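Trainee: Next up is a structure, given as structure tokens.
The values are calculated or read from the model by the stated rules, or taken from the named source; none is laboratory data. Bear in mind the structure is a predicted one, so any value in this text is a computation, not a measurement. Cβ placement follows ideal geometry from the backbone for every residue including glycine, while neighbour counts extend to all protein chains displayed. Just the protein is used for accessible areas: all its heavy atoms, side chains included, with ligands, DNA and RNA removed. Shrake-Rupley method; radii C 1.70, N 1.55, O 1.52, S 1.80 Å.
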Amino acid sequence: MDEMNDEHLLQLLDEGALNQLKTEANEMNPADIADFFEKVPKEKRLLVFRLLTKDNGADAFSFMDNDMQEEIISAISDQEMEHIIDELAMDDVVDFLGEMPANVVTRVLRNTDESTRKIINQFLNYPDDSAGSLMTIEFVQFHQDMTVGEAMAQLRKTGVDKETIYNCYVIDHRRVLVGVVSLRTLLLSKDEAIVKDIMEEDVIYVHTLDDQEETADLFKKYDLIALPVVDNEKRLVGIITVDDIVDVIEQENTEDMEKMSALIPSEDEYLKTSVLQLAKNRIVWLLVLMVSGTLSSAIITHFESVLASSVALAAFFPILMGTGGNAGSQASTLIIRGMAVGEIEPKDILLVIWKELRVGIIAGAVLGVANFVRILVVNDVSFAVNFTVSLSMAITVILAKGVGCTLPIIAKKLHLDPAIMAGPLISTVVDCLALMIFFNVARVLVL
């Protein structure tokens, strides 16, 4: 929704034209209504919310952020809250309650019927990052012995309340998942056909405790719009839809970006996170990197005699270490991305190292020659110093490529997040390597 429409609706609110505001607001997309609520003055939000129809209010509620949801729930009556919970998909209810304080959760559960309360409690007991925490129970299922006519009659009767009707799941008498049938197949089949004869038996599924990132990988790999979730006995308990996986992918990408920047991942939005919490998220890794940085100081101290014999060498520390860190980060970023999308597996480590070393040789040679020419033109130093710096840069780039591609794969083999091996951490390792190479080459060529 554009800014001009926002301003128009806010003007209607200020002028007290509530009937016109009610009409226009109820014609909006629920996601746009949720965005509009962010701009409504806090003291008027409940008034605007009550201008929405019950269905539109519940739909818009599902798109609001956690703070707004808590504000609305705290202000409305139990009857209004009960209607919202009834209208929300079960996975949206669980997501909402999972972020609410205990008093809000208690109030919601108190105003739901026993069967719904039991389901909600079951969902809340699944680990936060599991497939079970993402699934919904609003799905279409048929018994394998049904005819297509019976299945279509059931679909017409119950489909309106389901999350999706395009994939329908087939179970046996023990509720074990045995197949899937598409709506297209049902529509094109004869009424007397048996469901088990037209279903696809090769069903891709996940278990309730499977990791959400692995679940997202299945959606990407097989181009799915929904994925069934089963328990340990392969009984169908729910489905995950692609809209929930989009949120997971965004969450995982954000977490990887934070780790690659040496931050402890945060689940809260930046502007809603306290200064103290932001500082805590950063200080731990800054301390780790600071301590690891002492290795660079130790190396410089160890080679004081080399540095004392040619003070000019010190001027080239920054460019040498910076180039090496950049080369390592380039390699690690590509490898982490390749592993994330399934292009690279830990077993490919030798192939990856061989490829990156060849890339490093080419890049190192080009950078070494370019640096030699640059120093020749810009800096007034001896040929020996120039050659030392340029040769060290070439070797550093080659080794940085090797380190940058190797560490993320090793992390994966050790069941660690490869993202923690990117950015500042790799730069710190490469800095130490660059100094070791630099001083040892200088010892041979300069002294």
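Trainee: What residue, of V237, V248, V229, is closer than 20 Å to D95 by Cβ, modelled with pLDDT under 85 and of a type in the set (A, V, I, L, M, F, W, C)?
Mentor: After ruling out the rest, the residue left standing is V248.
Trainee: Additional query: Filter the stretch 286-300 down to residues that are open to solvent by less than 80 Å² (accessible area, probe 1.4 Å) and of a type outside the set (S, T, Y) and give me whichever is farthest from D380 (Cα to Cα).
Mentor: Among residues in the stretch 286-300 that are open to solvent by less than 80 Å² (accessible area, probe 1.4 Å) and of a type outside the set (S, T, Y), the one farthest from D380 (Cα to Cα) is V288.
Trainee: Within the stretch 71-89, take every residue that is in a helix (DSSP H, G or I) and farther than 21 Å from I119 by Cα and give me the one that is farthest from the chain's Cα centre (by Cα).
Mentor: A75
Trainee: Of everything in the stretch 145-169, what is within 14 Å of T185 (Cα to Cα), out of contact with any strand residue (DSSP E or B) (no Cβ under 8 Å at 6 or more places or on another chain) and either open to solvent by 50 Å² or more (accessible area, probe 1.4 Å) or part of a strand (DSSP E or B) (or both)? Give them in sequence order.
Mentor: Residue satisfying the conditions is I165 alone.
Trainee: Somewhere in the stretch 40-47, is a residue of a type in the set (A, V, I, L, M, F, W, C) and open to solvent by 30 Å² or more (accessible area, probe 1.4 Å)?
Mentor: Yes; the residues of the stretch 40-47 include at least one that is of a type in the set (A, V, I, L, M, F, W, C) and open to solvent by 30 Å² or more (accessible area, probe 1.4 Å).
Trainee: Picking from D6, D14, D35, which residue would you name as being within 22 Å of S62 (Cβ to Cβ), open to solvent by 80 Å² or more (accessible area, probe 1.4 Å) and of a type in the set (D, E, K, R)?
Mentor: D35
Trainee: Residues G159, G98: which one is modelled with pLDDT under 85 and among the small types (G, A, S)?
Mentor: None of the others qualify; the one that does is G98.
Trainee: Let me confirm something: among D191, D197, D217, which residue is touching a helix residue (DSSP H, G or I) at 6+ places or on another chain (Cβ under 9 Å) and either part of a helix (DSSP H, G or I) or open to solvent by less than 20 Å² (accessible area, probe 1.4 Å) (or both)?
Mentor: D217
Trainee: Quick check, is A327 of a type outside the set (S, T, Y) and either over 19 Å from A394 (Cα atoms) or open to solvent by 30 Å² or more (accessible area, probe 1.4 Å) (or both)?
Mentor: Answer is no for this residue.
Trainee: Determine which single condition S115 fails, assuming it passes every other condition in (1) within 23 Å of D55 (Cβ to Cβ); (2) open to solvent by less than 50 Å² (accessible area, probe 1.4 Å); (3) of a type in the set (S, T, N, Q).
Mentor: (2)
Trainee: Regarding A331, is this residue out of contact with any helix residue (DSSP H, G or I) (no Cβ under 8 Å at 6 or more places or on another chain), of a type in the set (G, A, S) and part of a helix (DSSP H, G or I)?
Mentor: For A331, the condition - out of contact with any helix residue (DSSP H, G or I) (no Cβ under 8 Å at 6 or more places or on another chain), of a type in the set (G, A, S) and part of a helix (DSSP H, G or I) - is not met.
Trainee: Scan the stretch 294-308 residue by residue and report those that are closer than 14 Å to L433 by Cβ and under 37 Å from the mean Cα position of the chain (by Cα).
Mentor: L295, S296
Trainee: Follow-up question, since we're still on this one. Could you count how many residues in the stretch 301-318 are surrounded by 16 or more Cβ atoms within 10 Å (Cβ to Cβ) and at pLDDT below 80?
Mentor: Summing the residues that are surrounded by 16 or more Cβ atoms within 10 Å (Cβ to Cβ) and at pLDDT below 80 in the stretch 301-318 gives 4.
Trainee: Just one of the numbered conditions (1) open to solvent by 40 Å² or more (accessible area, probe 1.4 Å); (2) closer than 22 Å to I225 by Cα is not true of R174; which one?
Mentor: Looking at each condition in turn, R174 falls short on (2).
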